[in-house]
Amino acid sequence: MSDAPKLRLGTRASPLARWQADWVRDQLIAAGIDVEMILITTEGDQQTSQPLGQIGGQGLFTKEIQRRLLAGDIDLAVHSLKDLPTLPIDGLSLAAVPEREDTADILIGPAGTSLATLPSGAKIGTGSLRRKAQLLHARADLEILDIRGNVDTRLRKLDEGQYHAIILAAAGLKRLKLDDRMTERLEAPLMLPAVGQGALGIESRSDDPTTRKLLAPLSHAPTLQAVIAERSLLAALRAGCLAPVGAHAQVVDGQLTLAAVVLSIDGQSRLFASLTSAPADAAQLGEEVAELLRQQGATELLASSRGNRLD
């Protein structure tokens, strides 16, 4: 085993980030590769109380890990792809995107709770403007409150009665074996997920072909094509990963379909567009759906959302 390739994997230390990194490590070990785990604290981990948009927005959970990767302290980084900004970082490349987990958002509350049965004025916890806008589009009478912390922290706050319900991603709940906390799935058309939701992004240095070759077998082509379309859409809209934009792409019967929404923060305005193309044209598909949304007024909606936060 001493002659096996060796890679240093950088990750955040939260339980969900560790699950994701451990999964990648296990795949690499199974392929005969030695892996050293290096835990990295990001700005998003240090700032646990303020709304994300108030403490810097994009890259809060990725910048420090990317800095360490560029510095050569680690050989690869494992991110939740929805946290990874679409703006390319000179010297870094997305080396692999494994098969995606469930993309749905989940309403969590007492047994029997559903979005339809929540009382008027119910307090819903979420740290996402995308979720807030889509919830308010469906139920303008709800009170959407910010919530921070890892999955366990958010569930504890719910159990303490700080909220009537909270919204979390199905992928994280499943990976942490918390499926039993799921109360109601929120899916399209009511709720479109974040760009890249449920997918992992494995990043490496662009000038490190050896590591890229070792990581390539972890990639899942249909997932990669789907997230390329979604990230292309977000980049074309110049929206950023914290904007009130939902998108979901999937390959079905050899065709790639991308559906996307852009909303006002109060949920009163909702723009929708969807197109289908060959999977090989994923990036172009994202740009074309973005153009359809711009023609409906997405640029103005997104401009009005900048600087907003969950109060």
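The residues of the stretch 240-280 that are crowded, with 24+ Cβ neighbours inside 10 Å and more than 22 Å from Glu101 (Cβ to Cβ), listed by number, are Ala243, Pro244, Val262, Leu263. I'm told Leu301 meets every condition in (1) under 24 Å from Ala169 (Cβ atoms); (2) part of a helix (DSSP H, G or I); (3) under 19 Å from the mean Cα position of the chain (by Cα) except one. Can you identify the failing condition by its number? Against the list (1) under 24 Å from Ala169 (Cβ atoms); (2) part of a helix (DSSP H, G or I); (3) under 19 Å from the mean Cα position of the chain (by Cα), Leu301 comes up short only on (3).
Out of Ala133, Ala122, I need the residue that is farther than 23 Å from Val262 by Cβ, of a type in the set (A, V, I, L, M, F, W, C), crowded, with 18+ Cβ neighbours inside 10 Å and in the same structural domain as Lys174 (by TED's automatic domain parsing). Which one?
Working: Ala133 fails: farther than 23 Å from Val262 by Cβ.
So the residue among Ala133, Ala122 that is farther than 23 Å from Val262 by Cβ, of a type in the set (A, V, I, L, M, F, W, C), crowded, with 18+ Cβ neighbours inside 10 Å and in the same structural domain as Lys174 (by TED's automatic domain parsing) is Ala122.
Taking the listed residues Ser232, Ser305, the one that is crowded, with 18+ Cβ neighbours inside 10 Å, under 21 Å from Leu94 (Cβ atoms), among the hydroxyl-bearing types (Ser, Thr, Tyr) and outside the structural domain of Ile167 (by TED's automatic domain parsing) is Ser232, with no other qualifying. Is at least one residue of the stretch 155-162 at positive phi and either small (Gly, Ala, Ser) or in the same structural domain as Leu81 (by TED's automatic domain parsing) (or both)? Within the stretch 155-162, one or more residues are at positive phi and either small (Gly, Ala, Ser) or in the same structural domain as Leu81 (by TED's automatic domain parsing) (or both). Scanning the stretch 59-100 for residues that are at pLDDT 95 or above, buried (at least 20 other Cβ atoms within 10 Å of the Cβ) and of a type in the set (Asp, Glu) gives a single hit, Asp75.
Residue-wise test of (1) of a type in the set (Ser, Thr, Tyr); (2) touching a strand residue (DSSP E or B) at 6+ places or on another chain (Cβ under 8 Å).
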| position | (1), (2) |
| --- | --- |
| Thr211 | yes, yes |
| Ser219 | yes, yes |
| Ala236 | no, no |
| Leu242 | no, no |
| Gln250 | no, yes |
| Gln255 | no, yes |
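Quick grid of which residues meet (1) touching a Lys or Arg at 6+ places or on another chain (Cβ under 8 Å); (2) on the phi > 0 side of the Ramachandran plot:
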site	(1), (2)
His164	yes, no
Ala170	yes, no
Leu173	yes, no
Lys177	no, yes
Asp180	no, no
Arg185	no, no
Pro189	no, no
Gln197	yes, no
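The values are calculated or read from the model by the stated rules, or taken from the named source; none is laboratory data. What you see is a predicted model, and the numbers here were worked out from it, not measured in a lab. Quick reminder, even Gly has a Cβ in these numbers, built from the backbone with ideal geometry, and neighbours come from all protein chains shown.
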